[in-house]
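Taking it in order: structure first as structure tokens, then the write-up.
The values are calculated or read from the model by the stated rules, or taken from the named source; none is laboratory data. Keep in mind the model is a prediction, meaning the values are calculated, not measured. Using ideal geometry, Cβ is built from the backbone for each residue, glycine included, and neighbour counts are taken over all protein chains shown. With ligands, DNA and RNA removed, areas are computed over all heavy atoms of the protein, side chains included. Shrake-Rupley method; radii C 1.70, N 1.55, O 1.52, S 1.80 Å.
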Amino acid sequence: MPTQKKTTIGGQAIIEGIVMKGPKKTCTVVRKANGELVTKEEDAHRPSAIWKKPVLRGAYNLFVAMKDGIQAINYSASFFEDEQADVPPSKFETWLENKVGSEGLNRLILGISTVIGIALPVGLFLLLPSFIGGFVPEGWGVLARNVLEGIVRVILFLVFMWSVSHMKDIRRTFEYHGAEHKTIFCYEAGQELTVENVRRQSRYHPRCGTSFMFVLIIIATIVSSIVFSIIDITNPFLRMLAHLILLPLVVGISYECNRYAGRSESLVSRALRWPGLMIQRLTVFEPDDAMIEVAITGMKAVIPDDDSDNW
């Protein structure tokens, strides 16, 4: 069905729920075990003017998205902790709670999980391949080293996504992911947000985070190939450091590419988003009606009344 508008509204699947982000509001919706829907609305982030500039906005938005996403996952998980209520805390947990208090402990755990959540994909998909590339014999040349890094990045990414998609709990999250995409497509098509209308939409959306991660991996390989062809760094640790320094630039360029591919229908944009749409087959599954209801609830809460979400 033809798209009538492009929206800046996006979302994220969490544990038994969805986060929808509009230009003015963010709405987190979780379906509890008893079927009840719990919603939490917050004001959207208001970045300063500097963080709205091209390239810079990519690094800002990725950091905010990852931080908020981890917080939302922890929030949704809090509704399903009753199953572990009878498990006594460890001595370390008791000691730590006595030292910092229960509220301080929660903030500490959230801070640690945020750091791990951001460091894990950076380390796994960017730094580890760079480290491996540092052991390629110098006689192979700069091009061979960079190509090998790129191949390792893509393989690690695909294997990781394929593996987690076969985990039962993660698969349900990926089904919520499908509900999020379908609901956004329904809204963009100008149709009433009903379960029936949403169900008919495609589950593969060009602005998906999976597509962004794949674009980021490709851009990282291209940027590092250009930089390391000028300054040939073979030491594994120095290569990792160089990739960390280049990371904001890589993220910024990747964001702009994904942004362009998501709003344009040109031949170039379709070519850019095709690989990401194919990879979404590993991370976006068909949702059931209850999941679609969650997505619709979140979507309705963040649609502005002044068309400020128009892209």
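Mind telling me which of S229, S269, S130 comes out most flexible in a GNM of the chain, alpha-carbon contacts under 10 Å? In the Gaussian network model the winner is S229. Mean projection of the Cα convex hull over all viewing directions, computed for the stretch 175-247: 6.7 nm².
The alpha-carbon of K32 sits under 18 angstrom from the alpha-carbons of these lysines, leaving out residues fewer than 8 places away in its chain: K40, K168.
Name the residue, out of G298, G17, G69, whose mean-square fluctuation peaks in a Gaussian network model built on the chain with Cα pairs under 10 Å. Taking springs between Cα atoms under 10 Å, the residue moving most is G69. Computed on the Cα trace of the chain, the radius of gyration divided by the Kirkwood hydrodynamic radius gives Rg/Rh = 0.99. Taken per residue, the accessible surface of the chain reaches 53 Å², heavy atoms only and a 1.4 Å probe. The spacing between the stretch 133-161 and the stretch 269-286, judged by their C-alpha centroids, is 23 Å.
Treating r as the C-beta distance of D43 and T234 and R0 as 41 Å, the FRET efficiency rounds to 0.25.
Here's the picture: charge each Lys and Arg Cβ at +1 and each Asp and Glu Cβ at -1 in the stretch 191-256, and of Y255, L216, L193 the one pushed furthest to the positive end of that dipole is L193. Remark: the T8-K168 segment gains 54.5 nm on full extension, using 0.36 nm per residue and subtracting the alpha carbon distance. For the chain, the fraction of 1.4 Å probe accessible surface lying on carbon and sulfur atoms is 63 percent.
Between E265 and A33, the modelled labels are 4.8 nm apart [label points 7 Å from Cα along Cα→Cβ].
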